[in-house]
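Contents: one structure, followed by commentary.
The values are calculated or read from the model by the stated rules, or taken from the named source; none is laboratory data. Everything numeric here is computed off the predicted structure, so don't read it as measured data. Cβ atoms come from the backbone with ideal geometry, glycine included; neighbour counts cover every protein chain shown. Ligands, DNA and RNA are excluded from the accessible area calculation, which covers all protein heavy atoms including side chains. Shrake-Rupley method; radii C 1.70, N 1.55, O 1.52, S 1.80 Å.
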Amino acid sequence: MNTQIMAEALLEAERTKQPIAPLTETYEKITPADAYAVQLAQIHQKTDNGASVKGLKIGLTSKAMQEMLNVYTPDYGFILDTMVYDEADGLRTESFIQPKVEFEIAFVFNKELKGPDVTVQDVIDATAYVVPAVEVIDSRIVNWEIKFEDTVADNGSSAGAILGEKRTLLEEIEDITNIPMTVHKNGEFLDEATSAAVLGNPLQAVVWLANEVSTYGISIEPGMFVLSGALSKAVTFETGDKFEVDFGQLGKVSVNISKEVVKK
């Protein structure tokens with residue numbers, strides 16, 4: 001299985017904004033291990049060209065997202081510095097192919113997390129603070145016609161991240177499994193959920209991630225953040241839309257879809 005050819009096809013789709021056919025159709029024998037190899041090939045090429053890894057994202061942790069995409073196993077992807085947006089700057093649709101936004105809790109770390117035997121207590125000990133976050137997902141696969149191997153190869157369908165400003169220490173949170181989230185779109189109620197939607201506990205999602213990436217010799221390093229998984233279904237957006245997300249004690253995060261955007 002030529003992972004480099006698949007990686008180049010996805011990179012070209014990202015550059016040209018022209019999605020490709022599902023890899024699972026073109027390469028019917030592709031395995032999850034092949035797909036992660038394709039993902040890493042793209043990340044290595046981007047970092048070789050000057051990008052840096054700022055964080056990781058966990059995908060497909062909630063029942064809502066699993067049912068939405070008909071994929072029932074969590075996955076992960078990388079967030080590079082070129083994918084991090086300031087809340088004040090917003091997003092623009094022209095930067096993506098077929099984007100959606102998801103609403104999550106992000107963990108920021110001040111200690112290394114290195115699997116394969118990471119525990120919940122290890123995650124707690126390594127976490128500096130948590131913040132509300134918005135993840136932008138996008139698919140370089142036509143019409144989101146993805147199976148598990150497609151989204152994995154496509155860097156977990158990740159495309160961007162916006163972190164809220166309020167920082168909350170874990171010891172200040174009474175029950176991290178019961179953090180409420182309310183989403184408004186253009187001033188109108190859109191959705192609500194609680195943090196229990198993320199594998200029952202966002203901490204468990206980070207445990208899963210730290211142990212999973214260790215298979216490839218990857219650890220979560222100090223200064224990195226982890227998007228722990230969407231609490232509800234992803235939402236498409238158009239120019240002019242505004243999302244306001246309230247995570248209760250954790251604070252709020254918002255995103256404007258505008259014509260101009262400045263990347264970090």
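Once the whole set of protein chains is in place, how much accessible area is left on LYS147, using a 1.4 Å probe, in Å² to the nearest 10?
That residue has around 120 Å² of solvent-accessible surface.
Using a/c under 1.5 as the rounded threshold, could you call the stretch 56-155 rounded, prolate or oblate? The axes a ≥ b ≥ c are square roots of the C-alpha gyration tensor eigenvalues, and prolate needs a/b larger than b/c, oblate otherwise.
Oblate is the answer for the stretch 56-155, as a/c is 1.5 or above yet b/c matches or exceeds a/b.
What is the set of long-range amide H partners of LEU190 at a cut-off below 5 Å, with H atoms built 1.01 Å from backbone N?
VAL183, HIS184, LYS185
Are any of the pairs LYS46/LYS147; LYS63/LYS111; LYS17/LYS242; LYS46/LYS114; LYS114/LYS185; LYS17/LYS57 more than 32 Å apart by Cα-Cα distance, and if so, which?
LYS114/LYS185
Largest first, what is the accessible-area ranking of HIS44, HIS184 with a 1.4 Å probe?
Listed by decreasing accessible area, they come as HIS44, HIS184.
Given the protein chains as shown and a 1.4 Å probe, how many square angstrom of LYS233 are accessible, to the nearest 10?
110
Let me know the shape class of the stretch 113-196, please: from the alpha-carbon gyration tensor, a ≥ b ≥ c as square roots of the eigenvalues, rounded when a/c is under 1.5, otherwise prolate if a/b is greater than b/c, or oblate.
oblate
Along the charge dipole of the chain, which of VAL134, SER258, ILE105 sits closest to the positive end, that is, farthest toward it, with unit charges on the beta carbon of Lys, Arg, Asp and Glu (+1, +1, -1, -1)?
The residue sitting most towards the positive pole is SER258.
Treat every Asp and Glu Cβ in the stretch 111-264 as -1 and every Lys and Arg Cβ as +1, leave all other atoms uncharged, and give the resulting dipole magnitude about the Cα centre to the nearest 20 debye.
For this selection, approximately 400 debye.
With a 1.4 Å probe and every protein chain left in place, tell me how much accessible area SER52 has, in Å² to the nearest 10.
Ignoring ligands and nucleic acids, SER52 comes out at about 40 Å².
Please work out the average accessible area per residue across the chain, using the 1.4 Å probe convention, and give it in Å².
43
How large are Rg and Dmax for the stretch 140-264 when calculated on the C-alpha trace, in angstrom?
My reading of the Cα-based Rg and Dmax gives 16.2, 45 Å.
Which value in deg cm²/dmol, rounded to the nearest 500, describes the helix-derived mean residue ellipticity at 222 nm for the chain, given -39,500 (n - 2.57) per DSSP H run of n ≥ 4 and division by the residue count?
-7500 deg cm²/dmol
So what are the ³J(HN,Hα) numbers for the stretch 210-227, from phi and the Karplus equation (6.51, -1.76, 1.60; θ = phi - 60°), rounded to whole Hz, Gly and Pro as x?
Computed from phi, the couplings for the stretch 210-227 are 4, 6, 5, 5, 5, 4, 9, x, 9, 10, 8, 9, x, x, 7, 10, 10, 7 Hz.
Would you mind calculating the relative contact order of the chain from Cα pairs under 8 angstrom and at least 6 residues apart, reporting the percent as a whole number?
Averaging sequence separation for qualifying contacts and normalising by length gives 29 percent for the chain.
If amide hydrogens are placed 1.01 Å from N in the peptide plane, which non-local residues have theirs closer than 5 Å to the one on LEU80?
Excluding prolines and chain starts, which carry no amide H, the hits are LYS54.
What is the Cα centroid distance between the stretch 14-28 and the stretch 84-115, reported in whole angstrom?
Cα centres, the stretch 14-28 to the stretch 84-115: 23 Å.
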